[in-house]
Every structure is written in structure tokens, then in C-alpha cells.
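Asks: The structure is given below, and queries will be raised subsequently.
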Amino acid sequence: MDRFLSTRPVWNDRGQIIFIYGDVFYSEAAMQSVCAPLAEGYLWFGRSCPGPFPGQRHPELFAFSFAAQCADRIETALRTVRQRYIAGEIRRCIGWDVYAQMQGLDAKPGLVDGNFVEINDITDDFDSRRDYRAWLRHYRNLQSTRLSREGMRKACRQAHE
């Protein structure tokens, strides 16, 4: 929580604040979604279930965005989660816990109820080199498959002209 709270002095007092997790590869569509203007409220962006590639074992959060008028509410949720962790009331102190605190849910990764934007594409979080290598292998396979399909479509079009 401290990584978010330490930035509090530079949060906008007007407009939008976006936290983009630094250990994530974002698809273009995911970045467009995360960076879309938000005039009010807050949104969390992530995957509420294991991802489409092998090795993606659990839900992930990728970013969150909020309008300046929600800053105090966000700060309160961050501080509450931090205090609950220090007191031993919860066993983790991660983004899912803040999301759960704000939504009034049990802090279970993947449990979503509003204010959540599902991103279930090539966007993924990397906790280790192994995660990155596995993702890269599957991404390259996806790209070569897509290119092969596009090549086949082009060949079919040319044959029918």
C-alpha cells in the first residue's frame, strides 16, 4: 500500500488519477481502456479468472483509475487495508484487498462486483522471468498463427480474383 500512498502528495485535485502496474504487458486495447477519460467514480482493471495462456493460474489486477473527487475514499481504503494487514486481520496487502474494501466484499482475488473492467486478452502480469518467458512463448505462437491465417486468407482472395 505504501507504493500507492507515497504518491498521495502528487495526486490531481481535478481530473483523473491512473495507477498502471509496472510489471504488466498491456495490449493496445487494454491501454485504451485504462486510459479512457473518467469523469467520476473509480475503476479497477484486471482479469477475474485465470488467463487464456497456460501458466496463468490466478486472477490479476493490472491498473486502477479514479476521478479526483474519489481521492479521499481511495486513500482511506489504502490506509484501512494497510492497518488491517499490520493488525493481522488479513494475510495479504495487495490491490485485490483494496478493491474488496471499496466494494464491501471478501478479499478474494477474482471476486468482482461492479467498478471492474475485465481485460482478458494478451495483457498479463509477470512475477518472474519464468512467467515472462512462458507468456512470450505463447504470444509468439499466437502471432505466428495469426500471420498464417492472414496469409491463408490473402491466398484465398487472390485465388478467387
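Values in this text are rule-based calculations from the coordinates and carry no lab data. For clarity, every value in this text was computed on a predicted model and none was experimentally measured. Note that each Cβ is placed from the backbone with ideal geometry, even for glycine, and that neighbours are counted across all protein chains shown.
Asks: When only alpha-carbon atoms count, how far does the stretch 10-109 stretch along each of its three principal axes, as whole angstroms with the largest first?
Replies: Computed over the stretch 10-109, the largest-to-smallest principal extents equal 36, 35, 21 Å.
Asks: Hey, another quick one. Let me check I've understood the local charge: for Ala87, count other residues with C-beta under 15 angstrom from its C-beta, Lys and Arg +1, Asp and Glu -1. What total comes out?
Replies: +3
Asks: Just grab the label-to-label distance for Asp113 and Ala71, each label 7 Å out from Cα along the Cβ direction, in nm (one decimal).
Replies: 2.9
Asks: Sort 23-30, 94-101, 126-133 by packing, meaning the average of other beta carbons within 10 Å per residue, with the highest value first.
Replies: 94-101, 23-30, 126-133
Asks: Under 13 Å from the Cβ of Tyr42, count the other residues' Cβ atoms, weight Lys and Arg +1, Asp and Glu -1, and hand me the total.
Replies: -2
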